[in-house]
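Enquirer: Sharing a structure, written as structure tokens. Questions coming.
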Amino acid sequence: MSTRKKKRKKEDDRTMSQPKDYHEQRLRAAIYRRTHAEPGSVNDRIPPQFISCSDDGKICTVSYALKPEMRNPMGWLHGGVTSAMFDMGMGLLVYYNAGFALCPTASMTVNYLRPGRIGGSLIVRSEIVFQGRKIFHTSAQAWMEDDPDRLVATATASYIRSLPPGSDPAIQKDASDSKQTEPAERKKI
């Protein structure tokens, strides 16, 4: 067995030996950290609400409240907002699985299947399809909370790990606040 496979197996064994709610607690913390890192940002204005995650932390389901300001001129959910929700849902899952490293979106494709209704909640289920050392491929599905059998949209995306694990400035700020010191500077690429 190669060194890489041994390392991955060791990581998988360690992850699987965690308590059942281990990934849930850490994903909830990741969502909170990213949505509160920059007040007034898109992440702050369209905050996801955690619903569930798989035992291995590779699948996560979140919901978004669809507010009147998210509508397009026809009164339905705006396609750009749908895209942002997908990017946040898949991006948060990648952020968590990359060891809290910021991973910019390299590409994303959204397929709009039917309109989303303002006033309800959109459920987004994201999954990591492939995880390499530097790249993550993800897929996601979205549906209205009250109509789970009819998809509103689907998406696929790729994310690139450009910074080392734990490099998120929000984590560094959290750590420095608890120590009463200045936040660490972000590493240059």
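The values are calculated or read from the model by the stated rules, or taken from the named source; none is laboratory data. Nothing here was measured: the structure is a model prediction, and the numbers come from that model. With ideal geometry, Cβ positions are generated from the backbone for all residues, glycine too; neighbour counts draw on all protein chains shown.
Enquirer: Please indicate, with yes or no, whether at least one residue in segment 22-30 is within 20 Å of A155 (Cβ to Cβ), at pLDDT below 85, within 21 Å of the chain's Cα centre (by Cα) and surrounded by 17 or more Cβ atoms within 10 Å (Cβ to Cβ). Let's see the steps before the verdict.
Expert: Start the filter on segment 22-30 by keeping residues that are within 20 Å of A155 (Cβ to Cβ), which leaves 27, 30.
Still in the running and at pLDDT below 85: 27, 30.
Among the residues that remain, those that are also within 21 Å of the chain's Cα centre (by Cα) are: 27, 30.
Adding the requirement that they be surrounded by 17 or more Cβ atoms within 10 Å (Cβ to Cβ) leaves 27, 30.
There is at least one residue in segment 22-30 that is within 20 Å of A155 (Cβ to Cβ), at pLDDT below 85, within 21 Å of the chain's Cα centre (by Cα) and surrounded by 17 or more Cβ atoms within 10 Å (Cβ to Cβ).
Enquirer: While we're looking at this one, here's another question. Can you tell me which residue in segment 49-84 is surrounded by the most Cβ atoms within 10 Å (Cβ to Cβ), limited to those that are assigned to a strand (DSSP E or B) and aliphatic (A, V, I, L, M)?
Expert: Residues of segment 49-84 assigned to a strand (DSSP E or B): 49-53, 59-65, 71, 76-77.
Checking which are aliphatic (A, V, I, L, M) leaves us with 51, 59, 62, 65, 77.
Numbers: I51: 14, I59: 16, V62: 24, A65: 15, L77: 26.
Ranking the qualifying residues of segment 49-84, first place goes to L77.
Enquirer: Additional query: For segment 73-104, name all the residues that are modelled with pLDDT under 95 and of a type in the set (S, T, N, Q).
Expert: Across segment 73-104, the qualifying residue is only N97.
Enquirer: Please verify whether segment 110-123 includes one or more residues that are surrounded by 18 or more Cβ atoms within 10 Å (Cβ to Cβ), modelled with pLDDT under 95 and within 17 Å of N43 (Cα to Cα).
Expert: For segment 110-123, residues surrounded by 18 or more Cβ atoms within 10 Å (Cβ to Cβ), modelled with pLDDT under 95 and within 17 Å of N43 (Cα to Cα): absent.
Enquirer: Let me ask another. Of the numbered conditions (1) more than 18 Å from P148 (Cβ to Cβ); (2) part of a loop (DSSP other than H, G, I, E, B); (3) out of contact with any Phe, Trp or Tyr (no Cβ under 7 Å at 6 or more places or on another chain), H23 satisfies every one except a single condition; which is it?
Expert: Of everything listed in (1) more than 18 Å from P148 (Cβ to Cβ); (2) part of a loop (DSSP other than H, G, I, E, B); (3) out of contact with any Phe, Trp or Tyr (no Cβ under 7 Å at 6 or more places or on another chain), H23 misses just condition (2).
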